[in-house]
1. Identify, please: which residue in region 298-341 is under 24 Å from L256 (Cα atoms) and among the charged types (D, E, K, R) and is, among those, nearest to the chain's Cα centre (by Cα)?
2. Identify, by number, the condition in (1) in contact (Cβ under 8 Å) with a residue 24 or more places away in the chain; (2) closer than 26 Å to S44 by Cα that E340 doesn't meet.
3. Would you point out which residue out of S60, S44 is closer than 30 Å to H4 by Cα and crowded, with 21+ Cβ neighbours inside 10 Å?
4. Considering only region 253-278, state which residues are of a type outside the set (D, E, K, R), within 14 Å of E342 (Cβ to Cβ) and more than 18 Å from the chain's Cα centre (by Cα).
5. If H367 satisfies all but one of (1) more than 18 Å from L42 (Cβ to Cβ); (2) part of a strand (DSSP E or B), what's the number of the condition it fails?
6. If I go through region 73-103 residue by residue, how many of them are in contact with a Ser or Thr (Cβ under 8 Å, 6 or more places away or on another chain), within 15 Å of G166 (Cα to Cα) and among the β-branched types (V, I, T)?
7. In the set V181, V263, V250, which member is under 30 Å from L93 (Cβ atoms) and crowded, with 23+ Cβ neighbours inside 10 Å?
Amino acid sequence: MATHRVIQAALLSAVDDGVFPGAQLAVRLRGELQCVIVAGQLSSEPPGLPVQPTIYDLASLTKPLATVTSVLLLIQRAKVSLGDSVQKIVTELEGTPIGQATVRELLTHRSGLPGWRPLYERLDARGMVPGLPVGDQTAKQHVLKMIRDEPLIYVRGERCVYSDLGFMLLGFLVERLSGMVLDRWCEDAIVRPLRADPMMFCPATGGAQLDLIRPIVDISRIAPTEQDEWRNRLLHGEVHDENAAAMGGVAGHAGLFGTAESVLAVSGAWLRGYHGRESILEGELVRQFTTRQESAARSSWALGWDTPSAPSSSGSCFSEQSFGHLGYTGTSLWIDPLCELEVVLLSNRVHPSRRNEKIKVFRPWIHDLIYREFVSV
């Protein structure tokens, strides 16, 4: 019989072993919330408050929760198709190699772009372009130009290289198609309809724009991340990812913050759509987006979602039809549609330093434990 004590003990043991200062874990099975368990503290240096309904930097969970969900919604509204080239929407890319990449190729990390580049090093720690006028849009346009000028490292479609740069472009694409800045669009199109609050970009400032789109979050509710050398401070309520910070904290690859339950609100929309139930996401598209894509690259990627491939962070029990994603700060979401299991793990394993990688062993172990406790009964 599933017991909260087993999962609680596992999280507490991970805290004692230094996997993370604290964590929040939520499990939902067949639409019923089984548990939301917390352990540890918000920080270790200095010692922080106990983890409660804490808001975490979701890191690359921004990709599926914000950007991929947005692209699917825009396809539903006939604003774009998977076969469209990115230059059709982001016209600054016209005539460039990356401009010919399709939306599908960006979603499956087969665009030819490298995985990462330290674009932020060409900006300052406030996200400003040295020598140019102050303003987030100026910095974002400069980032777009840098990605446009980045040489492709392989022929489009022939390989799969997980790429933050590709998802930055998808963030620009969402903004162009929606006519709104990404944080405002996500608030209106995803968070409010799904009642996914608290989920937001830039929690400590209320939004990237001068006209605040929501109240500023109490900083004591947010888990800090790293003592950052570039910004010369402990990051607390501002995005950990440097490139996202250079873009004003709002980007297609990182920048989203939330709780385990707010992540479940978006996860549930995907799972309901998968099974053809009432959802803001159409079932046929959800199944397409969450199915591993056949390609010469032979990767595990679906459309913006990953699927299990041994060894998987989802452990050894989740079905082949499962889909999920990881976040660099110590976050993850895995969904098994066959048994309708959703597991959200949020932590700040990068506090006080990103050199701590113990979570790589913990993630598959905790997912196997959860599966045994809640499904294999």
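The values are calculated or read from the model by the stated rules, or taken from the named source; none is laboratory data. Here the structure is a predicted model, which means the values were calculated and not measured. Note that we place each Cβ from the backbone using ideal geometry, even for glycine, and neighbour counts take in every protein chain shown.
1. My answer is D306.
2. For E340, the exception is condition (2).
3. On the way: S44 fails: crowded, with 21+ Cβ neighbours inside 10 Å.
None of the other options fit; the residue is S60.
4. Result: G273, Y274, H275.
5. (2)
6. Of the residues in region 73-103, 4 are in contact with a Ser or Thr (Cβ under 8 Å, 6 or more places away or on another chain), within 15 Å of G166 (Cα to Cα) and among the β-branched types (V, I, T).
7. Working: V181 fails: crowded, with 23+ Cβ neighbours inside 10 Å; V263 fails: under 30 Å from L93 (Cβ atoms).
The unique qualifying residue is V250.
So that you can scan it fast, the table gives a plain yes or no per residue for (1) modelled with pLDDT under 95; (2) surrounded by fewer than 18 Cβ atoms within 10 Å (Cβ to Cβ); (3) not β-branched (V, I, T):
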{"site": "A196", "(1), (2), (3)": "no, no, yes"}
{"site": "P203", "(1), (2), (3)": "yes, no, yes"}
{"site": "A208", "(1), (2), (3)": "yes, no, yes"}
{"site": "S220", "(1), (2), (3)": "yes, yes, yes"}
{"site": "R233", "(1), (2), (3)": "yes, yes, yes"}
